[in-house]
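Quick notes on the structure that follows.
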Amino acid sequence: MDFGVDYMDKKSFAGFYKKEIKERQEILAKEFDLSKDEKALLSKESALPFSVANRMIENVVGTFPLPYSVATNFVIDGKDYIIPMAIEEPSVVAAASNAAKISNGFETAADEPIMIGQIQVINIKDAEHAKNTIEHHKTELLELVEKVDPVLIKFGGGPKDLQVNILEDEKGKMLEVQLLVDVRDAMGANAINTMTEKLAPKIEELTKGKAILKIISNLAIYRRAQAKAVWTKDALGGSTKGKFNGEEVVEAILNAYRFAVATQFRATTHNKGIMNGIDAVMIATGQDFRAIEAGAHSFAAYKGKYSPLTKYSKDKDGNLVGEIDMPLVLGIVGGAIKVHPLAQLSMKILGVKTAEELARIIVSVGLAQNFAALRVLSTEGLQKGHMRLHAKNIAVQAGATKEEIDIVAAKMVEAKEVSQGKAEEILGEIRK
Ligand code: HMG
């Protein structure tokens, strides 16, 4: 396999996973001719100690810090929250904070933490008979699963139902056995995967079929969270510093929402905007944000057409009402949240006691993030605010020193031109 570099010796990566971090860093340094500064990047410990990182994933050679910040102004179910976010994109945190500031606060709801485990059964002679047999033994099967995780049972969780679907493709019929489990404050993957593996042999015995996959489903349709917020016409008019009146902003956002309903090409980016906020809080709290992403976009298509995860309307006073409803799967026990020091710090800042409360917060951030994007996209345009915040990055890219960055950024925003070329031009002027 061509690794794209002509001097690398692949043999030095043999057994890489068995080596100490320091050895792995030395191998990389040698094989890729790393400079002293590049080597220092690998050996620099961050808030995540190497000893912890080395237990979290394999082949660790360093850590990869992200900007870690907090969104402000959030009032959710009448409670004030400062919300940690970790993300590389400018303007996301400012946008969420501003959306929260000009809202009337967020009201939320959340389902019980019911997750789905799937068992795939193939090579069955009579699918209907096999389905009926499993259903006939449901109680016995659920009792079998209960024994797997007594701790979950102690906290009021455990298996709640067993459903069987007959699926068919060109190779014939197969069964999908869905095990529904209340996983309480866990994300649930470990518990569910153990339970489905435990149940599979019994299912094979009953159906004379062959169980292939036993795994959690990330389309967590029974574990959703909802949030709702009102943005008044006055607040909306004020947020554009008088450039648009409130009614115009409400109509503009409703038209932006219409566009997402009308075409999947817009709905995809509409939902990406939601996930900007959701992923940032998920990363800051040590969650599996890929599970959330998969579930969100799958749920967006669940009714047959990929659609926006939020909806907007006007109340009787002409104010804007925003709502969001989506699977929100996370845990506050187990996983990285217990071992990553900054995830622990985020939980302390949030002061949450249950996975449900965290889900209600995160889904509110998703709604806020989406509103913020629609507000600017449908009025002044994204670039003004985005580039104002991005201007500092552009100034740095153009070579501005610490003392010059703010001056160059301010002059670019004033000139309404944020680009590397403009930054270099301004640098030339101020350095004369
Ligand atoms: P503004 O009106 O110039 O802000 O908007 P402001 O200076 O009047 O400040 C208002 C509030 O915003 C502040 O309140 C802060 O809460 C916050 P204050 O504390 O002053 O009482 N704020 C900031 N917070 C932290 N750092 C800052 C900062 N500046 C303001 N530097 C703003 C500026 C960026 C808020 C506005 O232009 C905005 O909301 N833009 C939206 C940008 C956005 O949505 N970015 C997300 C990434 S792009 C994205 O989502 C992908 C996308 O494709 C999704 C889609 O298509 O739907 C767009």
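The values are calculated or read from the model by the stated rules, or taken from the named source; none is laboratory data. These figures come from a predicted structure and were not determined experimentally. FYI the Cβ positions are ideal-geometry reconstructions off the backbone, even for glycines, and counts take in every protein chain you see. Keep in mind that these areas ignore ligands, DNA and RNA; they rest on the heavy atoms of the full protein, side chains included. Shrake-Rupley method; radii C 1.70, N 1.55, O 1.52, S 1.80 Å.
Select, from Ser346, Ser313, the only residue that is of a type outside the set (Asp, Glu) and within 17 Å of the chain's Cα centre (by Cα). So that I can check it myself, show each step before the final result.
Values: Ser313 fails: within 17 Å of the chain's Cα centre (by Cα).
Sole residue among the options that is of a type outside the set (Asp, Glu) and within 17 Å of the chain's Cα centre (by Cα): Ser346.
Name the helices (runs of 4 or more DSSP H) wholly within the range 380-431 that hold at least 3 residues that are under 27 Å from Gly273 (Cβ atoms), open to solvent by 60 Å² or more (accessible area, probe 1.4 Å) and not acidic (Asp, Glu)? First the steps, then the outcome.
Details: elements: 382-397, 402-414, 420-431.
In the range 380-431, 382-397 are the helices (runs of 4 or more DSSP H) which contain 3 or more residues that are under 27 Å from Gly273 (Cβ atoms), open to solvent by 60 Å² or more (accessible area, probe 1.4 Å) and not acidic (Asp, Glu).
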Worksheet, complete the sentence: Scanning the range 72-124 residue by residue, those on the phi < 0 side of the Ramachandran plot, of a type in the set (S, T, N, Q) and not in a helix (DSSP H, G or I) turn out to be Thr72, Ser103, Asn104, Thr108, Gln118, Gln120
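Looking at Ala395, Ala301, Ala355, which is the one that is over 27 Å from Tyr81 (Cβ atoms), away from the ligand (no atom under 16 Å from the Cβ) and outside the structural domain of Asp182 (by TED's automatic domain parsing)? Break it down into steps so the answer makes sense when it comes.
Working: Ala395 fails: away from the ligand (no atom under 16 Å from the Cβ); Ala355 fails: over 27 Å from Tyr81 (Cβ atoms).
That would be Ala301, the only listed residue that is over 27 Å from Tyr81 (Cβ atoms), away from the ligand (no atom under 16 Å from the Cβ) and outside the structural domain of Asp182 (by TED's automatic domain parsing).
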Item to complete: Go through the range 171-191 and give me each residue that's within 11 Å of Leu152 (Cα to Cα) and not in a strand (DSSP E or B).
Response: Val183, Arg184, Asp185, Ala186, Gly188, Ala191
Worksheet item: All but one of (1) within 16 Å of the ligand (Cβ to nearest atom); (2) outside the structural domain of Pro84 (by TED's automatic domain parsing); (3) small (Gly, Ala, Ser) hold for Ala373; which doesn't?
Response: (2)
Discussion item. Here are the criteria: (1) open to solvent by 40 Å² or more (accessible area, probe 1.4 Å); (2) farther than 30 Å from Glu88 by Cβ; (3) touching a residue at least 60 places away in the same chain (Cβ under 8 Å); (4) of a type outside the set (Val, Ile, Thr). Tell me which single one Gly242 does not satisfy.
Written reply: (3)
Item to complete: With the checklist (1) within 22 Å of Ile292 (Cβ to Cβ); (2) in contact with a strand residue (DSSP E or B) (Cβ under 9 Å, 6 or more places away or on another chain); (3) not polar (S, T, N, Q) in hand, flag the one item Asp185 doesn't pass.
Response: (2)
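Table: residues versus (1) exposed (fewer than 13 other Cβ atoms within 10 Å of the Cβ); (2) assigned to a strand (DSSP E or B).
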site: Ala29; (1), (2): no, no
site: Asp37; (1), (2): yes, no
site: Ala40; (1), (2): yes, no
site: Leu48; (1), (2): no, no
site: Ser51; (1), (2): yes, no
site: Arg55; (1), (2): yes, no
site: Glu58; (1), (2): yes, no
site: Thr63; (1), (2): no, no
site: Val70; (1), (2): no, yes
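Touching a Phe, Trp or Tyr at 6+ places or on another chain (Cβ under 7 Å), touching a residue at least 40 places away in the same chain (Cβ under 8 Å) and hydrophobic (A, V, I, L, M, F, W, C): is that true of Ala211 in this structure? If you could, list the steps in order and put the result at the bottom.
Details: touching a Phe, Trp or Tyr at 6+ places or on another chain (Cβ under 7 Å): no; touching a residue at least 40 places away in the same chain (Cβ under 8 Å): yes; hydrophobic (A, V, I, L, M, F, W, C): yes.
Spelling it out, it is not the case that Ala211 is touching a Phe, Trp or Tyr at 6+ places or on another chain (Cβ under 7 Å), touching a residue at least 40 places away in the same chain (Cβ under 8 Å) and hydrophobic (A, V, I, L, M, F, W, C).
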